[in-house]
Every structure is written in C-alpha cells, then in structure tokens.
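Worksheet: one structure, shown below.
The values are calculated or read from the model by the stated rules, or taken from the named source; none is laboratory data. None of the values given here were measured: they were computed from a predicted structure. No Cβ is skipped: glycine too gets one built from the backbone with ideal geometry, and neighbour counts run over all protein chains shown.
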Amino acid sequence: MKFLFSVIILTLVHSCTQKYQPIKTSPMENTEAKNNPYYSRTDTAQLNISNEEWKKILAPDLYAIAREAATERAFTGKYNEFDEVGDYYCAVCGNHLFRSTSKFASSCGWPSFFEADKEGVYYKRDTTYGMERVEVLCKRCDSHLGHVFDDGPKPTGLRYCMNSISLEFVADTQK
Ligand SMILES: [Zn+2]
C-alpha cells in the first residue's frame, strides 16, 4: 500500500515536470534550432518533412502554431514591441522572411510588417472560423506564419500579421 502511494506521488510529480516549459529569457538565442537538423539560414532547398517528424523536433508551442495553424495570444509575443535592426527568419527552418525595415508599430498585438521576402513566403486562401483571410506560409518548409491583410501602411498597403513564435530574429550586429 505504501509502495502504491509512492508510485502515485511519483507519477504526479513526473507529469508536472513534463508540463513545465522553461521561459525563454533571451529572444536573441535561437532556441528552436539546437536539435533541428533541417534548420539552415543558407540552404533554400524545399523541405518535405511530415508533421510526425516535426513534432519530435519542434517545441510544443512552435509546433502548434507552425504546423497546426494555431495563433499566439495577442500582445504576448516576444517581437510584438520590438524594433531592433536585423532580419527575421522562419523559426522552423531558418528561411529568410522579413527585414526589420518593413516592420511597423501596429496596434493589433502581433508583430506586423508591410512587406515580406518574396522568396520567403507564399499565400493560401483561408476560410476557417467563418472568415475570409489570406494565410502566409514559409516557402521552404510550409509552416504557418500568420495572415496578411490589406489595411497596412504605405508603400504596399499590406499588413503581415505574424506570430512571434514562428519568427527568429537575428540582429545585424550578430552577423
Ligand atoms: Zn520555414
């Protein structure tokens, strides 16, 4: 009986530890790329990796957004209020997506850009949740990044509304 009790306690402790997600303290550190053999900022070859495989590699929050098109909560992303000079890459595969010069202060609660790297993204019509939207995806790895709307500033009039989790920023000073 005592033994059984200990097993139950241990199981409880174990499941709590499993759920614990360490807080990312440094937005500069590429935490997603460490155990990701597909991540490259120079290789532009198309990837065709199954979600089953990505699930083993990506952090759960990144997997949910990039591979299952979830959306991070507004005003919570690390790049929402962030204006350093550099480039934004796909957090899943390292593909170049945005330059900081196209980022603008938007009140929507997610990092917003008026222009994307044409070689970095592609678009898909998205009619989920009863809305008519345009989904933005990574050209190299097909991951979901966010949506693009036509209420952005000049010169393009576009607003790329992105999930911070899907992005990895590298400052010019780090290159
Ligand atoms: Zn990608």
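Determine if segment 130-150 includes at least one residue that is part of a loop (DSSP other than H, G, I, E, B) and on the phi > 0 side of the Ramachandran plot.
Residues of segment 130-150 that are part of a loop (DSSP other than H, G, I, E, B), as a first pass: 131-132, 139-143, 150.
Still in the running and on the phi > 0 side of the Ramachandran plot: 142.
Checked against the condition, which is being part of a loop (DSSP other than H, G, I, E, B) and on the phi > 0 side of the Ramachandran plot, segment 130-150 yields at least one hit.
Scanning segment 117-155 for residues that are exposed (fewer than 14 other Cβ atoms within 10 Å of the Cβ) and small (Gly, Ala, Ser) yields a total of 1. Checked against (1) touching a strand residue (DSSP E or B) at 6+ places or on another chain (Cβ under 8 Å); (2) closer than 21 Å to ILE57 by Cα, ILE165 passes all but a single condition, namely (1). Filter segment 123-175 down to the residues that are among the hydrophobic types (A, V, I, L, M, F, W, C) and over 19 Å from the mean Cα position of the chain (by Cα), then identify the one that is modelled with the highest pLDDT. Among residues in segment 123-175 that are among the hydrophobic types (A, V, I, L, M, F, W, C) and over 19 Å from the mean Cα position of the chain (by Cα), the one modelled with the highest pLDDT is LEU158. Would you check if THR71 is of a type in the set (Ser, Thr, Tyr), under 26 Å from TYR160 (Cα atoms) and modelled with pLDDT under 85? For THR71, the condition - of a type in the set (Ser, Thr, Tyr), under 26 Å from TYR160 (Cα atoms) and modelled with pLDDT under 85 - is not met. If you go through segment 80-105 and keep only what is assigned to a loop (DSSP other than H, G, I, E, B), within 14 Å of the ligand (Cβ to nearest atom) and over 14 Å from LEU137 (Cβ atoms), you end up with just GLY94.
Name the residue that is nearest to the ligand (Cβ to nearest atom), counting only residues in segment 115-125 that are under 23 Å from ASP87 (Cα atoms) and assigned to a strand (DSSP E or B). Break it down stepwise before answering.
Going residue by residue through segment 115-125, those that are under 23 Å from ASP87 (Cα atoms) are 115-123.
With the extra rule that they be assigned to a strand (DSSP E or B), the set shrinks to 121-123.
Details: VAL121: 9, TYR122: 11, TYR123: 15 Å.
The selected residue is VAL121.
Going through (1) more than 23 Å from ALA171 (Cα to Cα); (2) within 11 Å of the ligand (Cβ to nearest atom); (3) outside any loop (DSSP other than H, G, I, E, B) one by one, ALA66 falls short only on (1). For segment 126-154, filtering for residues that are within 16 Å of the ligand (Cβ to nearest atom) and among the charged types (D, E, K, R) leaves 4.
THR76 meets each of the listed conditions (1) in a strand (DSSP E or B); (2) over 12 Å from the mean Cα position of the chain (by Cα) apart from (1). In segment 83-106, the residue that is surrounded by the fewest Cβ atoms within 10 Å (Cβ to Cβ) out of those that are over 24 Å from ARG133 (Cα atoms) and touching a helix residue (DSSP H, G or I) at 6+ places or on another chain (Cβ under 8 Å) is ASP83. PHE114 meets all of the listed conditions (1) in contact with a helix residue (DSSP H, G or I) (Cβ under 6 Å, 6 or more places away or on another chain); (2) touching a residue at least 60 places away in the same chain (Cβ under 8 Å); (3) surrounded by fewer than 22 Cβ atoms within 10 Å (Cβ to Cβ); (4) not acidic (Asp, Glu) but one, namely (2).
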